[in-house]
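Enquirer: Shown below is the structure under consideration.
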Amino acid sequence: MKFSIITPSLNQGRFIRDCIESVSSQTGVEVEHILIDAGSKDGTISVLQKFPHLKWTSQPDQGMSDGINKGFLQATGEWVMWLNADDYLLPGALAKVAAFAEDHRDADVIYGDCIFVKESKKVIRRKREHDFDFSILLFYGCYIPSTSTFLRREIISAGNLLDLNYRVCMDLEYYLRLGQAGRRFAYLPEALAAFRWHGSNTSKVLDQRRVEEWRRLQRQYLHLRHQDWLGREILLCVLREIFRVKRIWKRFLANGRPF
C-alpha cells in the first residue's frame with residue numbers, strides 16, 4: 001500500500017527535519033513525501049536539500065490551503081494526508097493505517113488520535129477521539145486532527161480540494177463537505193502523529209479569523225438543513241455546550257475515558 005504525505009511549509013526550518021525524518025522512517029509501506037514550500041527565507045531550503053528522496057518545490061503561493069492542494073494534485077498514493085511542517089508522524093503510524101484500511105475497505109477517510117507535544121517534543125497529553133459524528137463536527141468544532149487523517153486519493157481525483165477562502169478552518173470545511181456528500185469516515189483508536197504547540201501555530205495567531213470562519217460554516221450548513229433559525233449567536237453557544245457533553249460521552253464509550 002502506498003501513501004502520499006503532503007507537507008506545506010513556510011519558514012519552519014527549525015522543525016522540518018523532525019517532520020521529514022518521521023516520514024522516511026516509516027516501515028512496511030511505500031511512501032512518497034511531497035513538500036510544498038511557499039518561499040521560506042530561513043534555513044528550510046538547506047534542510048530540504050539534504051533529503052534526496054523528497055519531492056519538493058519552493059515558490060510563493062496563495063497560502064497553506066493552496067500549498068496543500070498543489071501537493072494533493074501530485075500525489076500518486078492510494079492514501080493521502082497532509083502533515084504540517086512542525087508536526088511529525090509517530091513510529092509505525094502508516095503500517096497501522098494500512099492494516100486498518102485493509103479491514104475497513106468501505107472507508108473513504110481514516111482518522112486517529114494524536115499527541116500534543118511542546119516545542120521540545122515533550123509530550124503534553126494524548127488527544128483521544130471517537131467515531132464520526134457530523135453534528136459534533138458542526139456544532140462543537142473540528143475534533144478530527146488533520147495531522148492524523150488519511151484520505152483515499154479517489155476523493156481528490158473527484159475534484160475535492162481545500163477551499164482557498166479558508167485560512168484557518170480549511171480542515172473543518174473539508175470534513176463537513178465530505179461528510180455532507182456521504183463520504184464514510186472511520187476512526188482508528190491509535191495515536192498516529194504529534195501536534196507541536198508553539199507560539200506561531202496558525203490556529204493561535206489567527207484565532208479571531210478561526211471564529212469567523214467557523215460561524216460562516218455553521219450558518220451555511222444550517223441553511224442547507226433549512227434550520228437558519230439556529231444560527232443565532234446565543235443558540236450556537238448553547239449547542240456547542242450540548243455537543244461538547246455528547247463528545248465527552250462518545251470519547252468515554254470509545255476509549256474508556258472522557259479525555
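Enquirer: When a/c reaches 1.5 or more, the comparison of a/b and b/c decides; with that in mind, is the range 19-69 rounded, prolate or oblate per its Cα gyration tensor?
Expert: Judged from the Cα gyration tensor, the range 19-69 comes out oblate (a/c at least 1.5, b/c at or above a/b).
Enquirer: On each of the three principal axes of the Cα atoms of the range 66-171, give max minus min coordinate, whole Å, ordered largest first.
Expert: That works out to 39, 35, 30 Å along the principal axes.
Enquirer: Given the convex hull of the Cα atoms of the range 1-158, what is a quarter of its surface area in nm²?
Expert: 9.8 nm²
Enquirer: OK, next. Considering only protein heavy atoms, what per residue accessible area in square angstrom results for the range 1-98 with a 1.4 angstrom probe?
Expert: Using a 1.4 Å probe on heavy atoms only, each residue of the range 1-98 averages 40 Å².
Enquirer: In degrees between 0 and 90, to the nearest 10, how far off the longest principal axis of the chain does helix 64-74 point, with axes built from Cα atoms?
Expert: Between the helix axis and the principal axis of the chain, the angle is about 60 degrees.
Enquirer: Tally up the carbon and sulfur contribution to the accessible surface of the range 2-65 as a whole percent, 1.4 Å probe, everything protein left in place.
Expert: Numbers: 1440 of 2930 Å².
C and S fraction of accessible area: 49 percent.
Enquirer: If you don't mind, another one. Could you pull out every residue, at least 5 positions away or on a different chain, whose amide H is within less than 5 Å of the one on D113? Hs are placed 1.01 Å off N in the peptide plane, and Pro or chain starts have none.
Expert: E190, A191, L192
Enquirer: Put a dot 7 Å past each Cα toward the Cβ at L230 and D106; how far apart are the dots in nm?
Expert: 2.5 nm
Enquirer: Just reorder F15, F132 by solvent-accessible area, largest first, 1.4 Å probe, all chains present.
Expert: F132, F15
Enquirer: When the accessible area of the range 127-183 is split by element with a 1.4 Å probe, what percent falls to carbon and sulfur?
Expert: Within the range 127-183, the accessible surface is 39 percent carbon and sulfur.
Enquirer: Net charge within 15 Å of S46 by Cβ-Cβ distance, Lys/Arg positive one each and Asp/Glu negative one each, not counting S46 itself?
Expert: +2
Enquirer: Using only helices, what value at 222 nm comes out for the chain when you add -39,500 (n - 2.57) per DSSP H run of length 4 or more and divide by the total residues, to the nearest 500 deg cm²/dmol?
Expert: Calculated at 222 nm, the ellipticity per residue is -12000 deg cm²/dmol.
Enquirer: Quick one: which of 113-123, 65-75 comes out on top by average Cβ neighbours within 10 Å, and what's the full order, highest first?
Expert: Ranked from most to least packed, the peptides come out as 65-75, 113-123.
Enquirer: 5 Å is the cut-off here: which amide hydrogens, built 1.01 Å from N in the peptide plane, fall below it relative to L35, excluding neighbours closer than 5 in sequence?
Expert: The answer is T7, K55, W56, T57.
Enquirer: Go through 86-97, 35-46 and give me the packing order, highest mean Cβ count within 10 Å leading.
Expert: 86-97, 35-46
Enquirer: Moving to a separate point now. Cβ neighbours within 10 Å, averaged per peptide: list 211-222, 167-178 in order, most packed at the top.
Expert: Final packing ranking: 167-178, 211-222.
Enquirer: Mind pulling the angle between the C-alpha long axis of helix 170-180 and the longest principal axis of the chain? Nearest 10 degrees, somewhere in 0 to 90.
Expert: 60 degrees
Enquirer: So what's the range 1-88 giving for Rg/Rh, alpha carbon basis, Kirkwood Rh from the mean inverse pair distance?
Expert: Rounded to two decimals, Rg over Rh is 0.93.
Enquirer: With a 1.4 Å probe and all protein chains left in place, how much accessible area per residue does the range 118-259 have, in Å²?
Expert: Dividing the accessible area of the range 118-259 by its residue count gives 51 Å².
Enquirer: Mind pulling the angle between the C-alpha long axis of helix 207-224 and the longest principal axis of the chain? Nearest 10 degrees, somewhere in 0 to 90.
Expert: Roughly 50 degrees between the two axes.
Enquirer: For the range 206-249, what is the Kirkwood hydrodynamic radius in Å, using each pair of distinct C-alpha atoms?
Expert: Averaging 1/r across every pair of different Cα atoms and inverting gives 11.2 Å.
The values are calculated or read from the model by the stated rules, or taken from the named source; none is laboratory data. What you see is a predicted model; the values in this text were computed from it and never measured. For neighbour counting, all protein chains shown are included, and Cβ atoms are generated from backbone atoms with ideal geometry for every residue, glycine included. All accessible areas refer to the heavy atoms of the entire protein, side chains included, with ligands and DNA or RNA removed. Shrake-Rupley method; radii C 1.70, N 1.55, O 1.52, S 1.80 Å.
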